[in-house]
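Enquirer: Dropping a structure here in structure tokens format, bear with me for questions.
Rule-based calculations on the coordinates, nothing more; no lab input. The shown structure was predicted, so the numbers you read here are calculated from the model rather than taken from an experiment. Cβ coordinates were reconstructed from backbone atoms using ideal geometry, including for glycine residues, and neighbour counts include every protein chain displayed.
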Amino acid sequence: MSALAENLGFAGIPALDPMQTLYANLMGSVVVVWALLRFTRALPIHGLLDGAARALFSMWLGYALAHGVTGLLWGFLAVEVTFGLVQLVPWWRSRPYRDRVVAVGHE
């Protein structure tokens, strides 16, 4: 992957140490479990939560890009922002449904 980045004119990807690998595997595990939940018990609220997670992740990607990480992350940022909007815009447009879901969560 690092060679591809360098061939495209981006900074190379540094080698990972064991702690970084641990965190990458932890986050990968969380993503897999979340995806299984979304496939087996898909609920509209899951889309809202997934959209919120994508917004947070996009902010962290932006932070990393602002601090000089490899430009390859721009592609990931574009994907996260796009899918985040796809998931959140219907919630913004559907206020009565959103209010009902929030009210159900407080019972």
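Enquirer: With everything on Cα atoms, drop me the angle between helix 73-93 and the longest principal axis of the chain, reported from 0 to 90° to the nearest 10.
Expert: The angle comes out at about 10 degrees.
Enquirer: Follow-up question, since we're still on this one. Could you give the size of the charge dipole of the stretch 2-105 about its Cα centre, using +1 on the Cβ of each K and R and -1 on the Cβ of each D and E, expressed in debye and rounded to the nearest 20?
Expert: Values: 7 positive and 5 negative charges, 128 e Å.
That gives the stretch 2-105 a dipole magnitude of about 620 debye.
Enquirer: Subtracting the Cα-Cα distance from 0.36 nm times the residue separation, let me have the gained length for residue 41 to residue 63 in nm, one decimal. Display every interim value, and only then the final one.
Expert: Working: separation 22, 0.36 × 22 = 7.92 nm, distance 3.29 nm.
Taking 0.36 nm per residue and subtracting the Cα distance, the gain is 4.6 nm.
Enquirer: For the stretch 47-94, what is the Kirkwood hydrodynamic radius in Å, using each pair of distinct C-alpha atoms?
Expert: Numbers: mean 1/r = 0.0911 Å⁻¹.
About 11.0 Å, per the Kirkwood formula over Cα pairs.
Enquirer: Positive end of the charge dipole of the chain (Lys, Arg +1 and Asp, Glu -1 on Cβ, about the Cα centre): tell me which of 8, 71, 44 has its Cα farthest that way.
Expert: Of 8, 71, 44, it is 44.
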